[in-house]
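The values are calculated or read from the model by the stated rules, or taken from the named source; none is laboratory data. This is a predicted model, so every value here is computed, not measured. Heads up, the Cβs are rebuilt from the backbone with ideal geometry, glycines too, and the neighbour counts pull from every protein chain shown.
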């Protein structure tokens, strides 16, 4: 079944599903800066719009345009920033 | 703001947003066959998985794998079918 997730007062929302035993979410990030922790490693793919991300507070922001992906290690976390509403696919690896 | 939409007893759900004055939704379709009517023309892009679609009841089903898109005329409708949970981006044109 589909699971509707809402974070940061609804500014980040996603729909969780599973295919071939793999968990994924399709979501949208509204303008703002957010921190997410990871349990499993994740791959984030920008589906519409553009995200900025950094793996640590000290790192420079990297811009990920539509169609590009970045991966996050398990048991860690990342900061993500959207200037305009942006859709993404998150795969749990 | 983000709008959470749920159709067909939650088997199709989407998150609606707007960028550059254009409405879009990021959504997920669970296994099944569904009919959607359109008001504005739409472009559907398969983000994860695979969809089958046909524009009329008489038409053959066409398979749209991940990364491919199809467009639907305004003031019409289409049938869509998913074998496994599939994520999509819908742009209102």
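Among the residues making up segment A:52-71, those that are under 15 Å from residue A:85 (Cα atoms) and away from chain B (no Cβ under 14 Å) are A:52, A:53, A:63, A:64.
Scanning segment A:51-63 for residues that are surrounded by 14 or more Cβ atoms within 10 Å (Cβ to Cβ) and over 11 Å from the mean Cα position of the chain (by Cα), which turns out nearest to residue B:43 (Cα to Cα)? Restricting to residues being surrounded by 14 or more Cβ atoms within 10 Å (Cβ to Cβ) and over 11 Å from the mean Cα position of the chain (by Cα), the top hit is A:54. Filtering B:38, B:45, B:25 for residues that are modelled with pLDDT of 95 or more, under 13 Å from the mean Cα position of the chain (by Cα) and more than 12 Å from residue B:89 (Cβ to Cβ) leaves a single hit, B:38. For segment A:2-51, a residue qualifies if it is closer than 16 Å to residue B:49 by Cα, facing another protein chain (nearest Cβ under 7 Å) and free of Cβ contacts under 8 Å to residues at least 24 places away in the same chain, and the qualifying residues are A:2, A:15, A:17, A:18, A:19.
Per the conditions (1) within 13 Å of the chain's Cα centre (by Cα); (2) over 24 Å from residue B:84 (Cα atoms), the sole criterion not satisfied by residue A:10 is (1). Looking only at residues of segment B:75-93 that are more than 14 Å from chain A (Cβ to nearest Cβ) and surrounded by 12 or more Cβ atoms within 10 Å (Cβ to Cβ), we find that the one that is farthest from residue A:88 (Cα to Cα) is B:76.
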